[in-house]
Amino acid sequence: MTIQDLKDNNLILFEAIAGSKSFGLDTPTSDTDIKGVFYMAKELFYGMEYIPQISNETNDVVYYEIGRYIELLSKNNPNILELLASPTDCILYKHPVMERIVLTDFLSKLCKDTFAGYAATQIKKARGLKKKIVNPLPKERKSPLDFCYILKGYNSIPLKKWLQEKGVAQENCGLVNMPHSKDMYALFIDTNGLLGYKGIIKSEDSNEVSLSSVPNGETESAYMYFNKDGYSNYCKEYREYWDWVEKRNDNRYNTNMEHGKQYDSKNMMHTVRLLQSALQILSEGTLDIRVSNREELLAIKAGEWEYDALLQFTEDHLAAIEQLAKTSTLPEKPDIKNAEKLLVEIRMALYQ
């Protein structure tokens, strides 16, 4: 089923302009996002295939099946509560049956975990993004050799430096496990290459050091430590960094680099907006998604805030939300039975 199928069969129950235009944060370059609610034709709903959501390829047009919509409302999903709270001038179509769904029936203290919880996740991602921007990783991947060290008295030196000083190739070395010593090895050198040592690593693509069979009577040249945990952490960071480079929005990244504050400014703007929504829900028992501090939020998007000041600002909001959640008169969570009853009534009205 496609969005066009919904329109052709009059299955749309609600449709509204969403995103920055509904928040009052749009600029001349802003896209138009559309979100809505639909219901399945009776024969499809009673069949074996349930369709909870339909969207276009870019995901800027999304419709939720009425059951999924009410389920997410009951979980205080931020996107879905914001859709229900759409400003009148953003609503493109509203079926009369949708009048039965009232915002205040779903607002609860759960928003502390959904709105503020999601915002906290984004703050954590912002810290991670700053780390990626400030500490880019070279495309050339390090090998286990970069994490090996030769013991020298009470100190250690990098293996590569030691090999260079000795004038020895790693391929002419052999390693033997040291008993009862994690990641410690005795290192032997075969200068003439006649003993068949396997080298410290087999190839540049290796993720482990190699062990060799060493003839009896050979004398070790040094003792080597392989920082295996350090190498594993590096591999994880390397993979995450280059995955991020491949998938990042280059226009957004370039904007972040231009303002020089080294954080995803658009993401942080919406993080602050979510925190403000959580404060409003808990303190006033309602939700108005059209922001009253447009200029302040757009200043965050433009990168006019210092990174540390912005993080402190969000931390203060999170602390205020925690306190409000303790005193708010809102229920702990929406009444699931009433939500289910409402859904049954709506379906019965639609299928009569």
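Add +1 for every Lys or Arg and -1 for every Asp or Glu among the other residues with Cβ under 15 Å from the Cβ of residue 46, and state the total.
-1
Per residue, how big is the convex hull of the chain when only Cα atoms are used? Give it in Å³.
234 Å³
Express in % the proportion of alpha carbon pairs of region 144-231 at distances exceeding 22 Å.
In whole percent, the long-distance tail amounts to 17.
Top mean-square fluctuation among 48, 40, 98, Gaussian network model of the chain, C-alpha springs under 10 Å?
48
Starting with the highest mean, order 31-38, 285-292 by the number of other Cβ atoms within 10 Å, averaged over the residues of each peptide.
The packing order, highest mean first, is 31-38, 285-292.
Can you grab the distance from the C-alpha centre of region 196-221 to the C-alpha centre of region 59-119, Å, no decimals?
One Cα centre to the other: 62 Å.
What percent do you get for the relative contact order of region 144-231 when only Cα pairs under 8 Å and 6+ apart count?
In percent, rounded to a whole number, it is 36.
In a GNM of the chain with a 10 Å cut-off on Cα contacts, which of 65, 82, 57 has the highest mean-square fluctuation?
57
Hey, can you rank 269-275, 202-208, 185-191, 329-335 by average C-beta count inside 10 Å, highest first?
269-275, 185-191, 329-335, 202-208
State the extension gain, in nm to one decimal, for the chain segment bounded by residue 46 and residue 8, taking 0.36 nm per residue of separation less the distance between their alpha-carbons.
Separation in residues times 0.36 nm, less the Cα-Cα distance, equals 11.7 nm.
Please compute the length gained on full extension between residue 180 and residue 352, using 0.36 nm multiplied by the number of residues separating them and subtracting their Cα-Cα distance.
Once the chain is fully extended between residue 180 and residue 352, it gains 54.3 nm.
As a quick test, which of the pairs 112/266; 94/266; 35/139 have an alpha carbon distance above 32 angstrom in this structure?
From the list (112/266; 94/266; 35/139), the Cα-Cα distance tops 32 Å for 35/139.
For residue 182, list the lysines whose Cα falls under 26 Å from its own Cα; do not include residues on the same chain fewer than 8 positions away.
Filter leaves 142, 152, 160, 161, 166, 198, 202, 228, 236.
Estimate the FRET efficiency between residue 313 and residue 191 by the formula 1/(1 + (r/R0)^6), using the beta-carbon distance for r and 56 Å for R0, to the nearest 0.05.
0.30
Got a sec? Charge dipole of region 144-231, +1 on Cβ for Lys and Arg, -1 for Asp and Glu; which of 213, 184, 153 is way out at the positive end?
It is 153, whose Cα lies furthest towards the positive end.
Under 13 Å Cα-Cα from residue 301, which aspartates and glutamates qualify once same-chain neighbours fewer than 8 residues away are excluded?
26, 258, 264
Only four residue types carry charge here, +1 at the Cβ of Lys and Arg and -1 at the Cβ of Asp and Glu. Report the dipole size of region 1-111 about the Cα centre in Debye, rounded to the nearest 20.
380 debye
What percent does the relative contact order of the chain come to when contacts are Cα pairs within less than 8 Å and at least six residues apart?
21 percent
Values in this text are rule-based calculations from the coordinates and carry no lab data. Just so we're clear, the structure is a prediction, and the values are computed from it rather than from any experiment. Using ideal geometry, Cβ is built from the backbone for each residue, glycine included, and neighbour counts are taken over all protein chains shown.
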